[in-house]
Amino acid sequence: MPSMRCGNCGRDDHVQAIPAVYDEGRTSTSGSYRGVGIGYRGGGIGVSHHGGFHQSTSMTELAAAIAPAPQTTSGEVISALFFVEFLVAIMALLSLLVLKTGSSERISGAGIAGMLFLPLFSVALLVFIGWQIVKAFRTRSLVRKGQPRAILLWRAGRYCFRCGVVTAESGLFEPLEFRQLVWNQGGYGHLPR
Ligand SMILES: [Zn+2]
């Protein structure tokens, strides 16, 4: 068990482990539920009252400032992007077909510009959404790979509510500095939050 003393003030009465601070800082935006369940707990089976969160979670500034990794795009959002990509692909294909059949007729310059707009727009959109999907996958795999390394460093940190300072093995840090240290350790320090 590492010392829970703050490296700045030397006291331990307002000091909490980073994972605990982080968990407490994540709260539900859309309400909680309570229920009774039977579960296995502490070596025995018993009835427990439990609460839980549904919908998305929001974070306090402090929790966000010490998050162990950036938030990555969820599987649902990626699926939605794939669906939109599919629709845009159809739009691009149809507009290109229309362009092909229409190109044999004589049309004015403005007419050509008008006809080119939709195919160009849909192809650009196709590329843009495709790029977002690639980026989301890359970020997810980068974070997934590096997080175990980063977590070790993250877990060892402790936060002093009196000083607003994180004490880590390598010294004292502002929360955001500490987060950068952890993210760098995970190999995703260059990612935006
Ligand atoms: Zn302190």
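Would you order 167, 101 from fewest to most other beta-carbon atoms within 10 Å of each residue's own beta-carbon?
With the sparsest Cβ surroundings first, the list reads 101, 167.
Could you order the peptides 143-153, 124-134 from most to least packed, using the average number of other C-beta atoms within 10 Å per residue? Don't skip to the answer; put the middle values down first.
Values: 143-153: 16.0, 124-134: 14.1.
Ranking, from highest mean packing down: 143-153, 124-134.
Which of 157, 187, 143 sits farthest toward the positive end of the charge dipole of the stretch 137-190, with +1 on the Cβ of Lys and Arg and -1 on the Cβ of Asp and Glu?
Of the options given, the answer is 143.
Taking the Cβ of each residue in 14, 190 as the centre, tally the other Cβ atoms inside 10 Å and list the residues starting with the fewest.
Ordered from fewest to most neighbouring Cβ atoms within 10 Å, 14, 190 come out as 190, 14.
Just order 155-161, 172-178, 82-88 by mean Cβ neighbour count inside 10 Å, highest at the front, would you?
155-161, 172-178, 82-88
Amide H to amide H under 5 Å from residue 189: which residues, 5+ apart in sequence or cross-chain, H placed 1.01 Å off N in plane?
So residue 189 has HN proximity to 184.
Rank the residues 60, 139 as a footprinting-exposure proxy: fewest other Cβ atoms within 10 Å of their Cβ go first.
With the fewest neighbours first, 60, 139 line up as 60, 139.
Given charges of +1 on the Cβ of Lys and Arg and -1 on the Cβ of Asp and Glu, with all other atoms neutral, how large is the dipole of the stretch 85-181 about its Cα centre, in debye to the nearest 20?
The dipole magnitude comes to about 420 debye.
Pop out the ³J(HN,Hα) list for the stretch 142-154 in order, Karplus 6.51 cos²θ - 1.76 cosθ + 1.60 with θ = phi - 60°, rounded to Hz; leave Gly and Pro as x.
Values, residue by residue: 4, 5, 4, 5, x, 4, x, 5, 5, 4, 4, 5, 4 Hz.
Sequence-distant or interchain residues sharing an amide H contact under 5 Å with residue 165, placed H: which?
160
Taken together, the values in this text are just the output of simple stated rules run on the coordinates, not laboratory data. What you see is a predicted model, and the numbers here were worked out from it, not measured in a lab. All Cβ positions, even for glycine, are placed from backbone atoms using ideal geometry, and neighbour counts span all protein chains on display.
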